[in-house]
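Have a look at the structure below before the remarks.
Derivation of every value follows stated rules applied to the coordinates shown; laboratory data play no part. Just so you know, these numbers come straight off a predicted model, no measurement behind them. Here Cβ is always computed from backbone atoms with ideal geometry, including for glycine, and neighbour counts include all displayed protein chains.
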Protein chains: 2
Amino acid sequence: MPYFDAASGAPLHPVARQALTASLDEGWADPARLYREGRRARLLLDAAREAAAEAVGCRADELVFTSSGTSAVHSGIAGALAGRRRTGHHLIVSAVEHSSVLHAAEVHRAGGGAVTEVAVDRTGAVSPAGYADALRPDTALACLQSANHEVGTVQPVAGVAEVCRAAGVPLLVDAAQSLGWGPVEGDWSLLAASAHKWGGPPGAGLLVVRKGVRFAPQGPRDERESGRAAGFENLPAIVAAAASLRAVRAEAAEEAVRLRELTERIRARVPRLVPDVEVVGDPQRRLPGTVTFSCLYVDGETLLHELDRAGFSVSSGSSCTSGTLTPSHVLKAMGVLSEGNIRLSLPTGTREEDVERFLSVLPEVVSGVREKLGAPVAAGPVPTEEKNEALVVDALGRRCPIPVIELARVIDGVPPGGTVRVLADDEAARLDIPAWCEMRGQEYVGEEPADRGTAYVVRRTG
Amino acid sequence: MPYFDAASGAPLHPVARQALTASLDEGWADPARLYREGRRARLLLDAAREAAAEAVGCRADELVFTSSGTSAVHSGIAGALAGRRRTGHHLIVSAVEHSSVLHAAEVHRAGGGAVTEVAVDRTGAVSPAGYADALRPDTALACLQSANHEVGTVQPVAGVAEVCRAAGVPLLVDAAQSLGWGPVEGDWSLLAASAHKWGGPPGAGLLVVRKGVRFAPQGPRDERESGRAAGFENLPAIVAAAASLRAVRAEAAEEAVRLRELTERIRARVPRLVPDVEVVGDPQRRLPGTVTFSCLYVDGETLLHELDRAGFSVSSGSSCTSGTLTPSHVLKAMGVLSEGNIRLSLPTGTREEDVERFLSVLPEVVSGVREKLGAPVAAGPVPTEEKNEALVVDALGRRCPIPVIELARVIDGVPPGGTVRVLADDEAARLDIPAWCEMRGQEYVGEEPADRGTAYVVRRTG
């Protein structure tokens, strides 16, 4: 049963499993204690720190283990902001950061701080120039992911780090998605990562603070992990995290080539196999195992469900798939279609035949969902049902992708140059109607407030 | 090799090990995901929550899993204080709480809050009356441990909860030391605990917030665990925590009787085997496996070291044993001797012969340390070296237990009614000189500032 959601959490690497079970026996005691069980635990902890530091490319005393990637991000941002509070209270993040970074930014804003979100292009990438523009004399910290978790786009960390360095501003890199593939390039100041993203166990993250970076840990003090991660060390998880990072790194170069070929195949073939699909993210600068695309006239939840029934575990950035009704902030920031969104993130060891089977199953699954929803068939015009002159599609109360489907159904009945107003109150329409226009070569005029919801105005160009 | 430090962390219970390794295969995926691996993880998480809630005696939706006991305490205190910020900013803690509670109180104080520390008696127990006196109209929260981690004294939680309930103030119980033995009595409002204290794995704690208790989680928001514990769930640890809690509870009644007999034996025999020993903590209301005593004229660090060489892993609340130069705040609050302090906390399954061997080894170990330090022999007066009229012992720059040893060496040269001034700058002297006077039936007059350090004045009574 193929699991294609490594970006959420990778299955445990065999080395992680082995290290974890071994250190359950050797590493349960308190490493702060002086007796032999404590000393043994301390040795394991020190060795794990050395190994992880070597893989990250930092000094062992710059690295602490946290209880998760999220807690590494939260502690890192809070500590770096507090360490530079005399400089100011301005924080820079990209618009496509992981929610853990954006939620930390929210807290900073709620506490009176200022936050600038750096925009991304249509591939999901920021530019060093975007960070340069955002920097201010009171900027305390900038944050940038090494690669995007939803679309796989690799960010220009080295360039952004250079710009930040020149301004004397530390850069915190969320390396959750890329650390298993290799060290983060460039002259960054802080780094956070999560073991279960690289095949390590849950319960371990890491936070690196380069020497010389001002850092003031927040929250109640605790003598463990240099005061940067409170609570009894989860030593079995730490040992397994370090061991598996070394192990996945040893396989990374070869596996990257193999997975890149598989995702390239998906990128190339999905648009040929399935009509009305947009593959998103940077085609070149991207993670080896991640590929994301969106399917017009499909709702993500049903698509996930049908793929699960067909045996494939994937993720989606569509609305209605994560307990919220808003589409992924990443897709939104990129300005790309969010409906029928699917992210495949292949774990190491993914078999070619599973990818092939996915490609053979996908077209039918998508067309099945479209049929159920009454989506327009790709070929041939759809007869317009409503023929009144001021063409209005009332999709109020209808969830994505219905507003777009309704728009597609009527567009052929609109004379060239004529407009159609789609009334919708689903947040996803704000993203998906312009994206549909771009895909279909129609003109998106803009949105207008309506009595209820919003009116999205589209002009037929051809 | 007997390990007698279960209060720091217990070796993994076999059930915990089994549950942990089993759920490495079944529980690595994200329980928030809709595909089968996610659903399987969710089932495991729900079952663990049900099991833990049953053991605690609460509803499953009142309990969240955290990454450690420390983080449960930190989140619980911060959330409860914030939830009642309209009532006021007054926090009550006992003077003998675990450092995680006291550090959370420090942060509260640093942020402008008020903190009252409730004193304990010489056994280490608070009284409900002490909490009643501390309650104010602006009290937002009170905290009390279920049992003390250093001396094993069981606190009157039910009585304190009643007093708090009557005042409308929630009581947070740190149940770290006792939850493996049974549910916490009384009508408490919040509860925190740590799995590795009951034989569960590191990396899992739990926080219970009773329905109706105002609670506002602090820190960046996160949708996991009802928003009360950020970060990817450490499911293998959670499953192992719940399974082992059930397992140790099933054995608790019988094992409590057995361990209580062993610790009773230690309490009774140590003072007979070793001269100048004070056994501390409540002789009746105490944890089954914990016993603590202090040895005059001995330094904790050497004692730990020698016991380790003899094969025994124990802990100490003496200064110089935990990286700080101040004695345990618990012994300080109790006003008992801190030098040569040893805590034994027997893990379940401790063998009688190991306890007997400890008792047979201890006298020699203690007398060896005393000899090295030149401590006065218990029997017979020690000739005074300094015979000048204004008797001053200069122990400046000397670490505990030297100031007390010097005092004991000269006391017999002091005429009845005469005084001796001990000059010392080791913090432990402030606690140990009065404790020595109490043990020896000499009068402790008080302390006076000196040019360097402090002068502790003792009057010879007989």
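Summary table
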| quantity | calculated |
| --- | --- |
| Fraction in percent of alpha-carbon pairs per bin - 5 Å, segment A:213-312 | 2, 9, 11, 12, 12, 10, 11, 12, 10, 7, 3, 0 |
| Contact order relative to length of segment B:139-277, as percent, for alpha carbon pairs under 8 angstrom and 6 or more apart | 18 |
| Calculated label separations, B:Gly349, copies of the chain, 7 Å along the beta-carbon direction, nm | 3.0 |
| Simple spin-label estimate for A:Ala82 and A:Glu185 in nanometres, 7 Å along Cα-Cβ | 3.5 |
| Chain B, relative contact order [Cα under 8 Å, separation at least 6], % | 16 |
| Cleavage-rule hits, chymotrypsin sites (Phe, Trp or Tyr not before Pro), segment B:390-462, DSSP coil, Cβ neighbours within 10 Å at most 10 | none |
| Whole-Å semi-axes of segment B:252-373's equivalent ellipsoid (Cα gyration tensor) | 22, 17, 13 |
| 0 to 90° range, to nearest 10: angle between helix B:36-56 axis and chain B longest Cα axis | 50 |
| Bridge type composition, chain A - antiparallel percent by DSSP, nearest 5 | 60 |
| Kirkwood-Stokes translational diffusion coefficient of chain B, alpha-carbon pairs, 10 °C, 1.306 mPa s, µm²/s | 67 |
| 222 nm mean residue ellipticity, helices alone, for chain A (DSSP H n ≥ 4; -39,500 (n - 2.57); rounded to 500) | -13000 deg cm²/dmol |
| Of A:Lys211/B:Lys332; A:Lys332/A:Lys372; B:Lys211/B:Lys332; A:Lys197/A:Lys332, those spanning more than 29 Å from alpha-carbon to alpha-carbon | A:Lys211/B:Lys332; B:Lys211/B:Lys332 |
| Copy-to-copy label separations for A:Arg59, where each label sits 7 Å from Cα toward Cβ, in nm and ascending | 5.3 |
| Relative contact order, percent, segment A:252-373 [alpha-carbon distance under 8 Å, six or more residues apart] | 30 |
| Protection proxy ranking of B:231-244, A:356-369 - average other beta-carbon atoms within 10 Å, highest first | B:231-244, A:356-369 |
| Prolate/oblate/rounded label for segment B:132-222 (Cα gyration tensor, a/c 1.5) | oblate |
| For the protein assembly as shown, Kirkwood radius (reciprocal of mean inverse C-alpha pair distance, Å) | 30.4 |
| The protein assembly as shown: antiparallel DSSP beta bridges as a percent of all, rounded to 5 | 60 |
| Given charges at Cβ of Lys, Arg, Asp, Glu: segment A:392-459 dipole, positive-most of A:Leu431, A:Val458, A:Ile405 | A:Ile405 |
| Spatial separation of Cα centroids for segment A:406-444 and segment A:304-374, in angstrom | 23 |
| Peptides ranked, highest mean first, by Cβ atoms within 10 Å: ranges B:347-354, B:289-296 | B:289-296, B:347-354 |
| Distance-filtered residues of segment A:169-184 - backbone nitrogen under 18 Å, label point 7 angstrom along A:Asp138 Cα→Cβ | A:169-170 |
| For segment A:1-78 and segment B:1-61, distance of Cα centres in Å | 19 |
| Nm distances between copies for B:Pro363, ranked from closest, using label points 7 Å along Cα→Cβ | 9.1 |
| Cα gyration tensor shape for segment B:81-232, rounded if a/c is under 1.5, else prolate or oblate | oblate |
| Simple Cβ-charge dipole of segment A:1-106, Lys/Arg +1 and Asp/Glu -1, about Cα centre, in debye nearest 20 | 380 |
| Chain A: angle of helix A:14-26 to the longest principal axis, Cα-based, in degrees nearest 10 | 40 |
| Test item: B:301-307 mean partner chain Cβ contacts at 10 Å | 1 |
| C-alpha long axis of helix A:352-373 to longest principal axis of chain A, angle in ° | 40 |
| Per-peptide average of other Cβ atoms within 10 Å, ordering A:206-216, A:143-153 highest first | A:143-153, A:206-216 |
